Amino acid sequence: MLTLAASDESPVHPARLALEVEKILDDNSILVFDGGDFCSWARFATTARRPGGWLASTVLGYLGVGLPYAIGAKLASPESTVVVLTGDGALGFSVMEFETAVRHKIPVVVIVANDAAFGVEVYYQQKWHGPDRVIATELTDTRWDLMAEAMGAHGEFVDSLDKLVPAINRAIASGKPACVNVPCLRTPSPQTQTFSRMYLLRRAKARSAK
């Protein structure tokens, strides 16, 4: 993790993105996690600051809860800075809730690690079935920030690491629901790699037992 913290590669590594977010949050901040691989990286890189300050989709691993969770967290704790760390695939399930946040004036900040994929599924398909068997899990380079702006939210597009912290600070200072869209490196987390190896071992044992 220390090596990744010093990484200046472009697109930004998801762990570096999460570590940069970690630097600017205060002890009263609430972090919300949504998605697969990005959340695995982000949980390694960030700190649970207080009870109720770390919200995730539980062991069920469902997608799309980040923005709705954040809206609820901000209403319950209006003095807190509420930040969502989400993958792009996960955000797609509930992106229209930006309109809800705008309509009700609920200022939450959504930081999108945009690797144009359902990252876990892409990795599993490649490892389990072959590199030519990636089906329906790669996405377009969507401008989530512009979608949020179209609904009245604040939008930021971050195409280099040096622009990241200023963009997040502007999003927080805007006093509006905000979307910070950050193109990210598509790279499997240690958790995803471990789960994949476990599955492949079970599959090999089952085949050898026949």
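Of all residues in the range 93-119, those satisfying the criterion of being touching a residue at least 60 places away in the same chain (Cβ under 8 Å) and within 23 Å of P11 (Cβ to Cβ) are V109, V110, I111, V112, A113, N114, D115, A116, A117, F118, G119. Considering the conditions (1) open to solvent by 10 Å² or more (accessible area, probe 1.4 Å); (2) over 15 Å from K176 (Cα atoms), D88 is excluded by exactly one of them, (1). Starting from the range 120-148, keep only residues that are free of Cβ contacts under 8 Å to residues at least 40 places away in the same chain, then list their pairs with residues that are open to solvent by 90 Å² or more (accessible area, probe 1.4 Å) whose Cβ atoms are within a distance under 8 Å, requiring at least 6 positions of separation or different chains. Every condition considered, the pairs that remain are Q125/R133; Q125/I135; Q126/R133.
The values are calculated or read from the model by the stated rules, or taken from the named source; none is laboratory data. Bear in mind that the values here come from a model prediction, so they are computed numbers and not experimental data. Note that each Cβ is placed from the backbone with ideal geometry, even for glycine, and that neighbours are counted across all protein chains shown. Side chains included, ligands, DNA and RNA excluded: accessible areas come from the protein's heavy atoms. Shrake-Rupley method; radii C 1.70, N 1.55, O 1.52, S 1.80 Å.
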